[in-house]
Amino acid sequence: MGAESYTGRINRKLNKKLRIVEVAAGREKADLVLKNATYVNVFSNQLCCGDIAVAEGLIVGMGEYRGEIELDMSGKIVLPGFIDAHIHLESAMVSPKEFAKAVLPHGTTTVITDPHEIANVMGTDGVEYMLQATEDLPVDVRFMLPSCVPSTPMDESGAVLDYRTIDSFYDHPRVQGLAEMMNYPGVIGADPQVIEKIVAAQAHHKKIDGHAPGLVGNDLNAYIAAGVYSDHECFDPADAIAKLERGQFIMIREGTAAHNLEALLPLLTPQYADRCMFCCDDKHPSDLLEKGHIDFNVREAIRQGVDPIVAVKVACHHAARYFLLNNRGAIAPGYLADFAVIDNFQDFNILQVFKKGVEMYDGTSVRDFPAPEIDPYLSQKAHDTFHLARLTAEDFAERRPRGIIGMVPGELVTTDQGYSDRIDTGWDILKIAVIERHKNTHHIGIGYLQGYGLKGGAVATSVSHDSHNIIVVGTNEEDMAAAANRVAENKGGIVVLENGQIKGEVALAIAGLMSDDTLENVNRDLEAAKDAAFALGVSRDIDPFMTLSFMSLPVIPTLRLTTRGVIDVEKQQYI
């Protein structure tokens, strides 16, 4: 069949609208009616009661209605579906379909994702892969385009994206804007190549999200004046209020790597809450399975004294307003019929979840839905992202002094611990290497790491922010080479190895970041690999893999390791 004509499209939409009006007026039956509902009204800030009628996937009215399907909501509370304002889907280590299956039982119906992880591996093909892999999922996935690929010029990723390479994506209906502008020094320093990305996004009338922890004074003024509208890196109320007073929106983050919710709860008052929203940033499988998603943020906020209606609005309505998603985040006529049904505010158990009026979670299981079709070329490319020669112990045998990166328990920042020219497990000094894996350059950056605790063997992973080369830490060069080679053989993932024997592994064959397996199986393998790492001595104060993955991110002080060596982040120079 040919493409639908303009006239045909108008007639179809007209007929749909006419039916919506007929149902809203009570002249026709609704598709679905939630009878006797108590629901949160985000406009009047109160609990209201009545039937909620749904037709053509939209809420058409509240009051008294008849429906083809009628569900009694007595004793329950109906909320708008939750929105995650900033997340990297790749952090869940599973396909977007598996991610959707994981978050639906937690009331999430919309997420705003930044695909910069896969874009660092595959460039614009990675963005296109994620757009296709999220098409028509029962969780609406909206996109912010990666702003920093690579994160800095000192990093070595699989692609370099300037504003021209991403510009055409702004025309996609699910693209909301430009993702976290991590290169805040470039903004403050008026780097033309950085500023032009902001100008291009504004030319398309799109949002620009921020990433500027601790920025103050005139530097903060310059950052916001350039056109950065939000920040998700606030770590205390003072940091957040300084940004909020200057007009930024604050994304309160509670994820796997960073936990800011408790510190920022003072913002959730009538004075500040209207400019706040919830996000996760990164969520590992265990957190999604055991703690939840945005529902965890709401539950914890209420438990610590936040007004329940305020907490709910921060979980849905405010993000919808910020991203101009004007048909969601509320229970009102004309809004999408996206609902999370809970038992009560105190326990906040999700009982049912609806997407566009279809029950997707019934309290026990998620309704089945198909995986989106992905272009075979993109699928093949995503499963073939390792281009490097086989490694030997000699590749890691550099003997001259190298910088020691000191880990800080519970933090992503590091310290400068001087230099070493050898491994010394007695002093917890391990060798660490970052191996370029995108273009077979054979670039290998070597340094030393203190604070990891490993007593034997090696740990390697291809999840190494943001360029996702292979990062490996070990007590000897033989096991380092074997662990890194095994990661490449698996087309990506995590490996824990000792004396050449694999003790635990997680295969992540999609761009070296995500698995084709189920969330439950990935979590099982991940937890087993963690246990193996702890058994080899890794400190139980850290996550063996997530903590390691950030040792290569050259935008967090003080020292980091890239494919070319140890760098001082604040000076942006090699040491």
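The values are calculated or read from the model by the stated rules, or taken from the named source; none is laboratory data. This is a predicted model, so every value here is computed, not measured. We place every Cβ from the backbone using ideal geometry, glycine too, and count neighbours over all the protein chains shown. Protein only, heavy atoms only, side chains kept; ligands, DNA and RNA dropped before computing areas. Shrake-Rupley method; radii C 1.70, N 1.55, O 1.52, S 1.80 Å.
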Query raised in the report: Hey, among the residues in the stretch 20-32 that are more than 38 Å from the chain's Cα centre (by Cα) and not aliphatic (A, V, I, L, M), which one's least open to solvent (accessible area, probe 1.4 Å)?
Result: Gly26
Report summary line: From the option list Pro153, Pro192, single residue qualifying as without any contact (Cβ under 8 Å) to a residue 24 or more places away in the chain and under 23 Å from His443 (Cβ atoms) is Pro153
Query raised in the report: Going through the stretch 451-506 one residue at a time, which ones are of a type outside the set (S, T, N, Q), part of a strand (DSSP E or B) and under 22 Å from Gly410 (Cα atoms)?
Result: Ala458, Val459, Ala460, Ile471, Val472, Val473, Gly474, Ile494, Val496
Query - Unique match (being at pLDDT 95 or above, buried (at least 17 other Cβ atoms within 10 Å of the Cβ) and in a helix (DSSP H, G or I)) among Lys101, Lys35, Lys17 - result: Lys101
**Report entry** Within the stretch 149-161, tally of residues that are under 22 Å from the mean Cα position of the chain (by Cα) and open to solvent by 30 Å² or more (accessible area, probe 1.4 Å)
**Finding:** 1
Requested in this report: Scan the stretch 487-500 for residues that are open to solvent by 50 Å² or more (accessible area, probe 1.4 Å) and over 24 Å from Ile429 (Cβ atoms) and jot them down.
Outcome: Glu489, Lys491
**Report entry** Some residue of the stretch 524-545 being aliphatic (A, V, I, L, M) and at pLDDT below 95
**Finding:** yes
Report task. Go through the residues of the stretch 52-65 one by one and say whether even a single one is part of a helix (DSSP H, G or I), under 36 Å from the mean Cα position of the chain (by Cα) and crowded, with 17+ Cβ neighbours inside 10 Å. Result -> no
Report task. With the checklist (1) surrounded by 17 or more Cβ atoms within 10 Å (Cβ to Cβ); (2) of a type outside the set (Val, Ile, Thr); (3) in contact (Cβ under 8 Å) with a residue 40 or more places away in the chain in hand, flag the one item Gln46 doesn't pass. Result -> (1)
Report summary line: When the stretch 272-299 is checked residue by residue, the ones that are touching a helix residue (DSSP H, G or I) at 6+ places or on another chain (Cβ under 6 Å) and among the acidic types (Asp, Glu) are Asp282, Asp295
Query raised in the report: Among the residues of the stretch 301-311, is any touching a Pro at 6+ places or on another chain (Cβ under 6 Å) and under 24 Å from Pro237 (Cβ atoms)?
Result: yes
Report task. Name every residue in the stretch 209-255 that is acidic (Asp, Glu) and either in contact with a Lys or Arg (Cβ under 8 Å, 6 or more places away or on another chain) or farther than 16 Å from Cys276 by Cα (or both), in order of residue number. Result -> Asp219, Asp231, Glu233
Report summary line: Scanning the stretch 123-138 residue by residue, those open to solvent by 10 Å² or more (accessible area, probe 1.4 Å) and in contact with a Phe, Trp or Tyr (Cβ under 8 Å, 6 or more places away or on another chain) turn out to be Thr124, Leu137, Pro138
Query raised in the report: Which one of the conditions (1) among the charged types (D, E, K, R); (2) more than 28 Å from Gln380 (Cα to Cα); (3) within 20 Å of the chain's Cα centre (by Cα) does Lys503 fail to meet, given that it meets all the rest?
Result: (3)
Report task. Could you run through the stretch 53-97 and say how many residues are basic (Lys, Arg) and more than 18 Å from Asn41 (Cα to Cα)? Result -> 2
Report summary line: Among Gly492, Gly451, Gly457, the single one that is of a type in the set (Gly, Ala, Ser), within 24 Å of the chain's Cα centre (by Cα) and at positive phi is Gly492
Query raised in the report: In the stretch 116-133, how many residues are in contact with a Gly (Cβ under 9 Å, 6 or more places away or on another chain) and either closer than 16 Å to Ile374 by Cα or modelled with pLDDT under 95 (or both)?
Result: 3
Query raised in the report: Taking the stretch 285-316 as the search range and keeping residues that are in a helix (DSSP H, G or I) and of a type in the set (Val, Ile, Thr), which one is nearest to the chain's Cα centre (by Cα)?
Result: Ile294
Query raised in the report: Taking the stretch 66-92 as the search range and keeping residues that are open to solvent by less than 10 Å² (accessible area, probe 1.4 Å) and part of a loop (DSSP other than H, G, I, E, B), which one is nearest to Pro138 (Cα to Cα)?
Result: Gly81
Query raised in the report: Taking Leu412, is it buried (at least 16 other Cβ atoms within 10 Å of the Cβ), touching a helix residue (DSSP H, G or I) at 6+ places or on another chain (Cβ under 7 Å), in a loop (DSSP other than H, G, I, E, B) and at pLDDT below 95?
Result: yes
Query - Members of the stretch 1-41 that are among the β-branched types (Val, Ile, Thr), free of Cβ contacts under 8 Å to residues at least 60 places away in the same chain and closer than 29 Å to Leu71 by Cα - result: Ile20, Val21, Val23, Val33, Thr38
Query raised in the report: Which one of these does Thr425 not meet: (1) touching a residue at least 40 places away in the same chain (Cβ under 8 Å); (2) out of contact with any helix residue (DSSP H, G or I) (no Cβ under 9 Å at 6 or more places or on another chain); (3) under 23 Å from Phe534 (Cα atoms); (4) open to solvent by less than 40 Å² (accessible area, probe 1.4 Å)?
Result: (4)
Report summary line: Listed by first then second residue, the pairs whose first member lies in the stretch 369-395 and is in contact (Cβ under 8 Å) with a residue 12 or more places away in the chain and among the hydrophobic types (A, V, I, L, M, F, W, C), whose partner is assigned to a loop (DSSP other than H, G, I, E, B) and surrounded by fewer than 13 Cβ atoms within 10 Å (Cβ to Cβ), with beta carbons under 7 Å and at least 6 positions apart or on separate chains, are Leu388/Asn440; Ala389/Asn440; Ala389/His442
